[in-house]
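The structure appears right after this line, and notes come after that.
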């Protein structure tokens, strides 16, 4: 009887030890699986972030190319407008005022074509989707021309490029920048472009 009781106690202890080992193995497996899952999740997040950054960079490149194409087109049209007044017919006579006005009207329409802005705005919103929303929410007094200037400044465009896109002089750009700074309540110590990039 003692032998049987001893054997049962031994078997019970053995089973208890096996259960402990089994439990420890399960805990270790769960910890390993959890760690692997966390690493996989981090890797997925990293890949998704890299993909989003690559997409954003591509959209920014596309936006820059679009803006530079518009700048080039507008500069070309402005040069044409300046040269038209110097044109002469084959007899050396200046073109009739009426002809010049017709041509300059076509050029002016090309320079002030809102479809250019619509295309640019669409591309800009794809690259910086919350920019205009934040700007309008924080500064509801901004008018469409202010928003255009904000977008061009956000892209870090030069005053010359902005002048071409807005079909105004460099002095006109400086005046608009000054007025925009006041509307946005940006102090002179703060760079306006940096302020807009931080939005």
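Here the peptides 166-175, 83-92 are ranked by packing, the mean other Cβ count within 10 Å, and the order with the highest first is 166-175, 83-92. Considered as an equivalent ellipsoid built on the Cα gyration tensor, segment 128-199 has semi-axes of 18, 13, 12 Å, the largest given first.
Which percent of the Cα-Cα distances in segment 59-161 go past 25 Å? Of the Cα pairs, 36 percent sit more than 25 Å apart. Each listed q (0.12, 0.16, 0.23 Å⁻¹) maps to a log10 I(q)/I(0) for segment 1-90, found by the Debye formula over equal Cα scatterers with no solvent: -0.75, -0.88, -1.07.
Label positions at residue 193 and residue 21, each projected 7 Å from the Cα along the C-beta direction, are separated by 7.1 nm. When the helices of the chain are scored as -39500 (n - 2.57) per DSSP H run of n ≥ 4 and the total is divided over every residue, the value at 222 nm lands at -27500 deg cm²/dmol.
Ordered by the count of other Cβ atoms within 10 Å of each Cβ, fewest first, 76, 192, 23 give 23, 76, 192.
Suppose the Debye formula is applied to equal point scatterers at every Cα of the chain; what is log10 I(q)/I(0) at q = 0.10, 0.19 Å⁻¹? Summing over Cα pairs of the chain leads to -0.64, -1.29.
In the elastic network of the chain, a GNM with C-alpha springs shorter than 10 Å, the most mobile of 67, 54, 163 is 54. Any chance you could give the angle, 0 to 90 degrees and rounded to 10, that helix 97-111 forms with the longest Cα principal axis of the chain? Between the helix axis and the principal axis of the chain, the angle is about 10 degrees. Relative to the dominant Cα principal axis of the chain, helix 2-84 is inclined by about 0°. The mean sequence separation of alpha-carbon pairs under 8 Å and at least six residues apart, normalised by the residue count of segment 128-199, gives a relative contact order of 39 percent. How far is helix 170-184 tilted, in degrees, relative to the longest principal axis of the Cα atoms in the chain, given as a value from 0 to 90 rounded to the nearest 10? Its long axis makes an angle of about 40 degrees.
Under 8 Å for C-alpha pairs, at least 6 residues apart: give me the relative contact order for the chain, rounded to a whole percent.
Relative contact order here is 19 percent.
A straight line joining the Cα centroids of segment 120-152 and segment 160-175 runs 18 Å. FRET efficiency for residue 36 and residue 129, Cβ-Cβ distance as r, R0 = 30 Å, nearest 0.05? In this case the efficiency is close to 0.30.
Values quoted throughout were computed directly from the atomic coordinates according to the rules given, and no laboratory measurement underlies them. As the structure is a prediction and not an experimental result, all values here were calculated from the model. Virtual Cβ from ideal backbone geometry, glycine too; neighbours counted across all protein chains shown.
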